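**Q** Before I ask anything, let me first share the structure, which is written out below as structure tokens.
The values are calculated or read from the model by the stated rules, or taken from the named source; none is laboratory data. Quick caveat, the model's predicted, so the values are computed rather than measured. Glycine gets a Cβ as well: all are built from the backbone with ideal geometry, and neighbour counts include every protein chain shown. Just so you know, the surface numbers come from the protein's heavy atoms only, side chains and all, with ligands and any DNA or RNA stripped out. Shrake-Rupley method; radii C 1.70, N 1.55, O 1.52, S 1.80 Å.
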Amino acid sequence: MYNNQLRMLVCVADCGSFAKAAEKLFVSSTAVMKQINALEEHLGLKLLGRTPRGVYLTEVGQSIYNDALHIFEFSKEAIARARQIADTAKTAFRVGTSMLNPCKVFMELWQEMSDEFPNYVLQIIPFEDNRAGILAEIKLLGKKFDFLIGACDSKSWLKYCNFHKMREYRMCCAVPKKHRLAKQKLLTAEQLYGECIMMGAKGDSPTVDAVRKELEKHPKIQIQNVSCFYDIEVFNECEHKNSILLTLECWSDIHPSFVTIPVNWQFAVPYGIMYPMNPNSDIKNFIKKLIKKLD
């Protein structure tokens, strides 16, 4: 976890001589001196002063010594954390969570189902809703996560995960609070005339494509393509332009500068649990019991 020469430096400083340090480390005095000389040469610093009565730390040597103690302690803690993870990884379901894909629903399920998995604990793994990197996160199902939960009809996502639908969430419009339509309770296509609707690019989500097809019947509505996958920057861009963003009712609390308003259409996205393409027996068992419970 760290350069072993640091450990030798600390030992020499504590003992006050190369000979005493050599005895404690079960090596020769020559070996100790060579290691300290090599460390000083590597750093380009004079760490120890030599006297006939022994050695002492120089000012820079004292600084390295103090930091080395912190490094040793941090290394111990890091190893302890890693061992704890290793001990629990065999008996933990790892659930990803992010702003747009929070694990709250899974936590509620776990409260009801945990008795059926007495040897398992839940490990929450946070990840970023970065539109450029979200697909890489989905690919880590089975490695970094065992489960993710969220809205999913993305063709790209479904190449890398299994998905079990639990419910649906309506497609809505996220409207900036200062927008002329912000106080509406329900929107119609006609009310959107003259507006720019930001939405995911064509081809990844059948539901988004269906909404696009409906909006294209109204030439007075402008459509702006954004990334197929949203992150907070998509919301920020939409607010900056005072545009309207196609969104989900379950994302109503994502950004404080927007209100989420339903539209008089029937478009909805499936919402449920994502799990690895090749799940282990315990994940299969969990999904099997979940399906039975939901039925």
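**Q** Return the residues of segment 90-121 that are open to solvent by less than 50 Å² (accessible area, probe 1.4 Å), modelled with pLDDT under 90 and among the aliphatic types (A, V, I, L, M); say none if nothing qualifies.
**A** 92 - this is the single residue of segment 90-121 that is open to solvent by less than 50 Å² (accessible area, probe 1.4 Å), modelled with pLDDT under 90 and among the aliphatic types (A, V, I, L, M).
**Q** With respect to residue 40, determine if the residue is of a type outside the set (S, T, N, Q) and either open to solvent by less than 80 Å² (accessible area, probe 1.4 Å) or under 38 Å from the mean Cα position of the chain (by Cα) (or both).
**A** On the way: of a type outside the set (S, T, N, Q): yes; either open to solvent by less than 80 Å² (accessible area, probe 1.4 Å) or under 38 Å from the mean Cα position of the chain (by Cα) (or both): yes.
Judged against the criteria, residue 40 is a match.
**Q** So residue 245 passes all but one of these: (1) part of a strand (DSSP E or B); (2) under 22 Å from the mean Cα position of the chain (by Cα); (3) not small (Gly, Ala, Ser). Which condition number does it fail?
**A** (2)
Table: residues versus (1) touching a Pro at 6+ places or on another chain (Cβ under 8 Å); (2) aromatic (Phe, Trp, Tyr).
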{"site": "49", "(1), (2)": "no, no"}
{"site": "63", "(1), (2)": "no, no"}
{"site": "67", "(1), (2)": "no, no"}
{"site": "72", "(1), (2)": "no, yes"}
{"site": "76", "(1), (2)": "no, no"}
{"site": "83", "(1), (2)": "no, no"}
{"site": "91", "(1), (2)": "no, no"}
{"site": "98", "(1), (2)": "yes, no"}
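**Q** Further, regarding this structure: Looking at segment 253-277, which of the residues that are open to solvent by 30 Å² or more (accessible area, probe 1.4 Å) and within 21 Å of the chain's Cα centre (by Cα) is modelled with the lowest pLDDT?
**A** 253
**Q** How many of the residues making up segment 27-37 are open to solvent by less than 60 Å² (accessible area, probe 1.4 Å) and either closer than 15 Å to residue 6 by Cα or touching a His at 6+ places or on another chain (Cβ under 8 Å) (or both)?
**A** Total meeting the criteria: 3.
**Q** Look through 141, 135 and report the one residue that is closer than 19 Å to residue 100 by Cβ and either of a type in the set (Val, Ile, Thr) or in contact with a Ser or Thr (Cβ under 9 Å, 6 or more places away or on another chain) (or both). Steps first, please.
**A** Numbers: 141 fails: either of a type in the set (Val, Ile, Thr) or in contact with a Ser or Thr (Cβ under 9 Å, 6 or more places away or on another chain) (or both).
Every option except 135 fails the conditions.
**Q** Can you name the residue in segment 176-195 that is touching a Cys at 6+ places or on another chain (Cβ under 9 Å) and not in a loop (DSSP other than H, G, I, E, B) and, of all such residues, is nearest to residue 223 (Cα to Cα)?
**A** My answer is 192.
**Q** Still on this structure, I have one more. What residue, among those in segment 226-282 that are among the hydroxyl-bearing types (Ser, Thr, Tyr) and in contact with a helix residue (DSSP H, G or I) (Cβ under 9 Å, 6 or more places away or on another chain), is farthest from residue 186 (Cα to Cα)?
**A** Start the filter on segment 226-282 by keeping residues that are among the hydroxyl-bearing types (Ser, Thr, Tyr), which leaves 227, 230, 243, 247, 252, 257, 260, 271, 275, 281.
Among the residues that remain, those that are also in contact with a helix residue (DSSP H, G or I) (Cβ under 9 Å, 6 or more places away or on another chain) are: 227, 230, 243, 247, 257, 260, 271, 275.
On the way: 227: 26, 230: 23, 243: 17, 247: 14, 257: 18, 260: 10, 271: 22, 275: 35 Å.
Of everything passing the filter in segment 226-282, 275 is farthest from residue 186 (Cα to Cα).
**Q** When only residues in segment 122-158 that are without any contact (Cβ under 8 Å) to a residue 24 or more places away in the chain and charged (D, E, K, R) count, which is surrounded by the fewest Cβ atoms within 10 Å (Cβ to Cβ)?
**A** 143
**Q** Checking residue 52 against (1) surrounded by fewer than 11 Cβ atoms within 10 Å (Cβ to Cβ); (2) within 30 Å of residue 249 (Cβ to Cβ), which single condition isn't satisfied?
**A** The number of the failed condition is (2).
**Q** Name the helices (runs of 4 or more DSSP H) wholly inside segment 27-145 in which the number of residues that are in contact with a Phe, Trp or Tyr (Cβ under 8 Å, 6 or more places away or on another chain) and more than 30 Å from residue 157 (Cα to Cα) is 3 or more. Working first, answer last.
**A** On the way: elements: 29-43, 59-89, 104-113, 134-138.
Of the helices (runs of 4 or more DSSP H) lying wholly inside segment 27-145, those with at least 3 residues that are in contact with a Phe, Trp or Tyr (Cβ under 8 Å, 6 or more places away or on another chain) and more than 30 Å from residue 157 (Cα to Cα) span 29-43, 59-89.
**Q** Could you check how many residues of segment 1-26 are among the aliphatic types (A, V, I, L, M), farther than 20 Å from residue 69 by Cβ and either in a loop (DSSP other than H, G, I, E, B) or open to solvent by 20 Å² or more (accessible area, probe 1.4 Å) (or both)?
**A** Step one: list which residues in segment 1-26 are among the aliphatic types (A, V, I, L, M), which gives 1, 6, 8-10, 12-13, 19, 21-22, 25.
From what is left, the residues that are farther than 20 Å from residue 69 by Cβ are 19, 22.
Okay, now just the ones that are also either in a loop (DSSP other than H, G, I, E, B) or open to solvent by 20 Å² or more (accessible area, probe 1.4 Å) (or both), so 19.
Qualifying residue count, segment 1-26: 1.
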